[in-house]
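The values are calculated or read from the model by the stated rules, or taken from the named source; none is laboratory data. Quantities reported herein were computed from a predicted structural model and do not represent experimental measurements. As a convention, Cβ positions derive from the backbone with ideal geometry for all residues, glycine included, and neighbour counts pool all protein chains shown. Just the protein is used for accessible areas: all its heavy atoms, side chains included, with ligands, DNA and RNA removed. Shrake-Rupley method; radii C 1.70, N 1.55, O 1.52, S 1.80 Å.
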Amino acid sequence: MSGSDPAVGRRAFVVGAGAALINGGAAQPALADADAHADAGSEPDPESAVVDGPLPGFHPALKDELDFPLAWGRSGIRDFGAWRRIARAKVEETLLVEPDGDGVPFDPEFSDRTENPIYRRELVTLALTRYEPVRGALLTPHGTGPFPAVLLLHDHGAKFDIGKEKLVRPWYDDTRLASAEAWADRYFSGRFVGDELARRGYVVLALDALGWADRGPLAYDQQQALASNMYHLGSSLAGLMAREDVRAARFLAGLDRVDERRIAAVGFSMGAYRAWQTAALSDDIAAAASVCWMTGLKEMMVPGNNTLRGQSSYHMLHPGLARHLDFPDVASIAAPRPMLFFHGAQDPLFPAEGVRVAHEKLRAVWRSRRAGERLHTRIWPDLGHVFTAPMQDDVFTWLDAVL
């Protein structure tokens with residue numbers, strides 16, 4: 001790892017139970033005794049068979065039962081402030097991970113500092129929870145400050161060797177640089193979004209989620225085992241990520257170089273989900289830009305959708321939440337703060353009907369707050385699951401206007 005302390009490497013960040021969860025053992029052989037074949041001669045009930053790889057045959061009935069009774073406008077709660085508190089508390093209940101709050105000091109340690117003519121780059125290691133340190137990239141524009149800031153949240157992409165490096169050029173590691181440049185070419189028009197933001201005068205913080213880069217690398221087929229093991233341990237993979245993102249926003253707000261009133265969460269794909277989720281759960285976020293992750297749950301749970309595979313979906317699964325709130329309902333907890341949602345019409349991960357339903361729900365909430373102009377939604381007709389340079393430029397211009 002060029003330019004960094006060799007004692008502070010990947011394995012220093014994957015410790016104890018976390019290492020066991022990520023590195024897990026080999027798969028166990030299937031049962032070969034009589035119990036495994038007890039029903040081999042019987043025909044499956046067509047009404048309850050597992051279908052459409054692998055939805056239960058009765059999945060339409062399960063979907064019909066979901067009416068999201070805690071959604072704004074449906075819950076019967078007329079005071080929006082009271083609804084926000086109750087809805088946020090319900091989301092936090094399903095995270096299964098208790099907040100550390102101010103009980104755990106961040107204890108940041110800075111390293112690998114370099115300068116260029118426009119901004120300073122440094123690595124920061126800090127405690128987001130009481131479990132393990134997390135390392136991130138921190139970019140700071142030259143000048144007196146305090147500056148507006150962006151919590152930049154990386155995607156999933158089934159690519160675990162890089163996390164923060166997907167968004168901030170890794171000046172500290174040549175191997176990761178090659179991987180990151182290929183990722184930027186594929187999804188970001190060859191740009192590093194964090195570096196672009198720093199050039200525009202924003203402090204930028206990008207951290208690794210559990211399983212990526214310094215906290216991994218996780219293998220694709222280990223994701224369900226990791227999530228299952230965390231559930232067995234009374235915790236949650238998705239809940240941990242949510243809590244860590246909220247704490248990262250708190251850390252940013254406490255930096256002297258940052259204007260605590262002007263912090264945005266920005267992300268693409270899974271990072272987009274993290275951006276609106278963080279805005280819903282954190283009062284430190286003044287605005288959020290979400291690129292390629294917003295849909296209605298029912299419209300997403302259809303045969304062929306990527307979510308049905310499991311694996312990556314566990315990073316965005318809070319057990320029982322769908323009995324109360326849909327995805328846009330959760331994002332609406334952030335209203336009436338400025339929010340941006342971009343999608344590509346050719347995106348295979350999010351059916352157009354789900355995006356339409358979600359946008360309509362979001363607009364209804366912002367209009368109810370007489371803040372319709374603070375919600376910016378756009379579907380790019382010729383684009384898929386990408387965050388191209390024109391999309392980035394629109395997001396940057398929007399951030400300049402709302403922060």
TODO: Leaving ligands, DNA and RNA out of it, report the carbon-plus-sulfur percent of the accessible area of the chain at a 1.4 Å probe.
DONE: 52 percent
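Evaluate the charge dipole of the chain about its Cα centre and quote only its size in Debye, nearest 20, assuming +1 on the Cβ of each Lys and Arg and -1 on the Cβ of each Asp and Glu.
On the way: 43 positive and 53 negative charges, 296 e Å.
That gives the chain a dipole magnitude of about 1420 debye.
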Open item on the list: Can you compute the FRET efficiency between Glu181 and Arg261 using 1/(1 + (r/R0)^6), with r the Cβ-Cβ distance and R0 = 41 Å? Round to the nearest 0.05.
Closed with: 0.75
Task: Gap separating the Cα centres of region 252-311 and region 328-403, nearest whole Å - done: 11 Å
Open item on the list: Applying a 10 Å radius around every beta-carbon, put 334-341, 178-185, 101-108 in order of their mean neighbour count, most first.
Closed with: 334-341, 178-185, 101-108
Task: Label-to-label distance, nm, for residues given as Ser368 and Thr129 (7 Å Cα→Cβ offset) - done: 3.2 nm
TODO: Kindly rank 124-136, 196-208 from highest to lowest mean number of other beta carbons found within 10 Å of each residue.
DONE: 196-208, 124-136
Open item on the list: Can you give the local net charge around His142? Use residues other than it whose beta-carbon is closer than 12 angstrom to its beta-carbon, Lys and Arg +1, Asp and Glu -1.
Closed with: +3
Open item on the list: Could you tell me the relative contact order of region 329-403? Use alpha-carbon pairs under 8 Å, at least six residues apart, and round to a whole percent.
Closed with: 45 percent
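Would you mind calculating the gained length between Ile379 and Lys63 on full extension (0.36 nm times residue separation, minus the Cα-Cα distance), in nm to one decimal?
111.1 nm
Give the relative contact order (percent, whole number) for region 102-229; include only Cα pairs under 8 Å separated by 6+ residues.
With pairs under 8 Å counted, the relative contact order is 26 percent.
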TODO: Using the heavy atoms of the protein chains and a 1.4 angstrom probe, tell me the accessible area per residue for region 76-127 in square angstrom.
DONE: 55 Å²
Open item on the list: Among Tyr314, Ala331, His343, which residue has its Cα furthest toward the positive end of the charge dipole of region 294-403, with +1 on Lys/Arg Cβ and -1 on Asp/Glu Cβ?
Closed with: Ala331
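Around Gly310, under 15 Å between beta carbons, what's the net of Lys plus Arg minus Asp minus Glu among the other residues?
On the way: positive: Arg309; negative: Asp52, Asp221.
Residues close to Gly310 contribute a combined charge of -1.
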- [ ] Between the alpha-carbon centers of region 111-142 and region 175-236, tell me the distance in whole angstrom.
- [x] 15 Å
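Quick check on the chain: of the DSSP beta bridges with both residues there, what percent are antiparallel, nearest 5%? Mind dumping the intermediate values first?
Values: 20 of 44 bridges.
Taking every DSSP beta bridge within the chain, about 45 percent pair in antiparallel fashion.
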Task: Total formal charge among the other residues, if their Cβ is under 14 angstrom from that of Arg337, Lys/Arg +1 and Asp/Glu -1 - done: +4
TODO: Springs between alpha-carbon atoms under 10 Å, Gaussian network over the chain: tell me which of Ser269, Ser312, Ser75 tops the mean-square fluctuations.
DONE: Ser75
Task: Sequence-separation-based contact order of the chain, relative, with Cα cut under 8 Å and 6+ spacing, percent - done: 18 percent
- [ ] For the chain, return all DSSP H helices satisfying: extent of Cα atoms along own axis at least 18 Å; mean Kyte-Doolittle hydropathy at least 0.0.
- [x] 237-254, 389-402
Task: Options Tyr131, Phe110, Pro148, ranked by Cα towards positive dipole end of region 107-150, top entry (Cβ charges) - done: Pro148
